[in-house]
Structures are given as structure tokens and as C-alpha cells.
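Asker: Quick one: structure below, then a few questions.
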Amino acid sequence: MEISRCHICGEIKRMTFEHIPPKSSGNSTPAKIITGEQIISNGREPWDINGLSFNTLQKGLGKSVLCEHCNNTTGSWYADAYKSFYFQIPFLKVNPPTLEQSLIELDFIEIYPLRVMKQIVCMFMGICGPHLGDRYPEIRQFVLSQEFKQLDFSKYRFSFFIRRGEWRYPQQLAQFVVLRKTELGHIHNMVSYIDTPTAEFLFEEKVNGYIYLWSDSTLQ
């Protein structure tokens, strides 16, 4: 097993394979790994992976990024709540959507929003690396403590979008830079996304004084 820094607690330990999203939410079939550099060098859109070479993860989508303790504890605390939430998201077979279908209303039954949010944060910590918990200790505390309930959303934001139709390849993980021009000049924001068959999850980290290139992997 690889010895490295756990992406959640930040300690140097033996790493275990973390399914992103959780295995119980349907992420149990082989996944193809394609690096972001391959896509950029070919001038492709992030979801255009046709014809690119790949390696296969037989276990499903994920990486060896968590220590056994963080993997087991966060999984036992949050994974079931995320599974219940995720399987209530409909897949809308509409391509393209009509005006009447531009807005939808979702009703969730017996879910635990805080646990769902913490599982999603764990997923993005797995993608982004231990620097996220180093730079923002409260985000590490948020997932490692069942009692911690608040985050400073002036530093980051989370969004998710319901998938409409099969116009993109689902099941991707990626991390890249968005450059935004404001009155104060250009701002570099790190954006990570998790693309699944029914929904796309986005995490945006507001970065000051750092310049990143496309990193991590795009997994299909």
C-alpha cells in the first residue's frame, strides 16, 4: 500500500482506496482513467474522451487517498445518507429540455442534509488533496467531527445540477482553474467537479496568490 498524506486528516499513513462517489451509490463497476493533460493537449472539451488511451480501475471510480481510519469513519457516518439522497435524484431523459422543463422541483424523503453535505465535502477533499484541509482547517473539522455544523461560505461554494439527457459522458472527476476578471484584476479559482449519471457536483475554492494548472485525473 502507498504511504502518503491522507487527504482528509492530513497525517502520513498507509492509504486505502476511496470510492468517489461511494461504492454504495452505484460506483462499483470498472472505470477508465484518462489524464487531464491528454484532454488539454488535444484541445478537447473536458467530457470529450473518444479515442483517448486509458487505464482501467476495476474497483470503480476513486483513488488511494484516505487512511483507513478516515475511510472507515466518514464512510460509516455519511455514506448511507448520501446513498439515500443520490438515489432520489431523477435521471431526466430530455435532450434538449423544453421551456416547460427548464425548472424542476425535487422532493426528498427521510434524508439527512448535513450528513449528505459532509459526504460530498469528503469526496471533494479526496479529489483536491490534503492542501484543502491545511488551508481551511474548518473544512477538515467539518467532516472529522459529527457535531461540527458550520462552514465559512465566503471561502468556497458547492453546487449540484440535475443531468438532462445523455449529452455528456458521466462519471468523471476533474480539477482545474477558472480565471475571472474583476475590478481587482484576475482571480484564480480552483474548481473541482464530480460528474455522475444523474447529477453533477461542483466545488469552487477561492484562491488568492496561487496559480494552478489542470491537475488530478479525469476518470471515465
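The values are calculated or read from the model by the stated rules, or taken from the named source; none is laboratory data. Computed from a prediction, not measured in an experiment: that's the story for all the values here. Here Cβ is always computed from backbone atoms with ideal geometry, including for glycine, and neighbour counts include all displayed protein chains.
Asker: Given the criteria under 21 Å from ASP195 (Cα atoms) and either surrounded by 15 or more Cβ atoms within 10 Å (Cβ to Cβ) or at pLDDT 80 or above (or both), does LYS118 qualify?
Answerer: yes
Yes/no matrix, rows are residues, columns are (1) part of a strand (DSSP E or B); (2) aliphatic (A, V, I, L, M):
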position: SER53; (1), (2): no, no
position: GLY60; (1), (2): no, no
position: LYS63; (1), (2): yes, no
position: LEU66; (1), (2): yes, yes
position: HIS69; (1), (2): no, no
position: GLY75; (1), (2): no, no
position: ALA79; (1), (2): no, yes
position: SER84; (1), (2): no, no
position: ILE89; (1), (2): no, yes
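Asker: May I ask you to list the residues in the range 106-154 that are assigned to a loop (DSSP other than H, G, I, E, B), within 24 Å of PRO90 (Cβ to Cβ) and aliphatic (A, V, I, L, M)?
Answerer: If the condition is that a residue be assigned to a loop (DSSP other than H, G, I, E, B), within 24 Å of PRO90 (Cβ to Cβ) and aliphatic (A, V, I, L, M), then LEU106, ILE109, ILE111 are the ones that fit.
Asker: Can ASN27 be described as of a type outside the set (Asp, Glu) and at pLDDT 95 or above?
Answerer: Against the criterion (of a type outside the set (Asp, Glu) and at pLDDT 95 or above), ASN27 does not qualify.
Asker: Where the second residue is at pLDDT 90 or above and charged (D, E, K, R) and the first is over 14 Å from THR74 (Cβ atoms) and lies in the range 1-24, which pairs have Cβ atoms under 6 Å and are six or more apart or on separate chains?
Answerer: Cβ pairs passing all conditions: MET1/ARG14; ILE3/ARG14; ILE12/ARG5.
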